[in-house]
Amino acid sequence: STARENVQDSDVNNDDLGVANFQDDYDVVKIEEGMLGNIPVYILDLEATVDTVDYNTIKLWVGREDNLPYKEEDYSLSGTLMRTILAPKWSKIGDKYIYREVYFIDELKQGNKTTLKFANVSLQRLDDATFTTQNLAVNQ
């Protein structure tokens, strides 16, 4: 599958679940301090520096204490809010932070939201045999 393909017939693309490359693809044009509920955050306004990104402008709420992205608003070239991502719950496993819950809200189709919940996450390496054609066919 490709990065732009949807996950399980949802509004979430494969690349939505990867690590965002804001540093290489966007410039920070404004930083403010604020609150998101009871979480002290930095509110960053980002503008694209390349034309290969999906969204020209992004507004990002990042925790001041943990640097985790709790909210993201994605805007089109014309300034239309296209999508909101909320990540209110995180788990720390080893030295890594993993979403426990993340919500993708399609702002163009009212009421259209995809919720992903992650449970029993492990960073333990899987045996290569897990990904054989035979094993993958059995586990479908």
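For Trp61, the solvent-accessible surface computed with a 1.4 Å probe is close to 20 Å², ligands and nucleic acids excluded.
Extending 7 Å from the Cα toward the beta-carbon at both Asp128 and Ser76 defines two label points whose distance is 4.7 nm. Residue-wise HN-Hα couplings along the range 74-84, as the Karplus relation 6.51 cos²θ - 1.76 cosθ + 1.60 with θ = phi - 60° gives them from phi, are 10, 10, 6, 4, 7, x, 6, 5, 9, 7, 10 Hz; Gly and Pro carry x. Calculated FRET efficiency, Leu136 to Ile98, Cβ-Cβ distance, R0 = 22 Å: about 0.40 to the nearest 0.05.
Using a 1.4 Å probe on the protein heavy atoms, what percent of the accessible area of the range 89-140 belongs to carbon and sulfur? List each step's numbers first, then the result.
Details: 2090 of 4360 Å².
Using a 1.4 Å probe with all protein chains present, the range 89-140 comes out at 48 percent carbon and sulfur.
Rolling a 1.4 Å probe over the protein heavy atoms leaves Ile93 with an accessible area of roughly 40 Å².
Based on the Cβ-Cβ distance of Phe118 and Asp24, what FRET efficiency does E = 1/(1 + (r/R0)^6) give at R0 = 41 Å, to the nearest 0.05? Show your work: numbers first, answer last.
Numbers: r = 26 Å, r/R0 = 0.64.
Taking R0 as 41 Å, the efficiency between Phe118 and Asp24 is 0.95.
Between the amide H of Arg83 and those of Asp74, Glu107, distances stay under 5 Å, these residues lying 5 or more places away or on another chain, with hydrogens modeled in the peptide plane.
In what order, largest first, do Thr57, Thr114 sit by accessible area if the probe radius is 1.4 Å? Could the numbers behind the result be given before it?
Numbers: Thr57 40, Thr114 20 Å².
Sorted by accessible area, descending: Thr57, Thr114.
Among Arg64, Arg125, the order of accessible area from largest down is Arg125, Arg64, computed with a 1.4 Å probe on protein heavy atoms.
Measure up Lys59/Lys117; Lys59/Lys109; Lys30/Lys71; Lys89/Lys117; Lys71/Lys117 against 18 Å on the Cα-Cα distance and list the ones that go over. Result: Lys59/Lys117; Lys59/Lys109 exceed 18 Å. Compute the Cα gyration tensor for the range 44-85, then decide on rounded, prolate or oblate, letting a ≥ b ≥ c be the square roots of its eigenvalues: rounded whenever a/c is under 1.5, prolate when a/b is larger than b/c in the other cases, and oblate in all that remain. Judged from the Cα gyration tensor, the range 44-85 comes out prolate (a/c at least 1.5, a/b above b/c).
The values are calculated or read from the model by the stated rules, or taken from the named source; none is laboratory data. Predicted, not measured: the structure shown is a model, and the values here were computed from it. For neighbour counting, all protein chains shown are included, and Cβ atoms are generated from backbone atoms with ideal geometry for every residue, glycine included. Ligands, DNA and RNA are stripped out before the accessible areas are found, and what is left, the full protein with its side chains, is counted by its heavy atoms. Shrake-Rupley method; radii C 1.70, N 1.55, O 1.52, S 1.80 Å.
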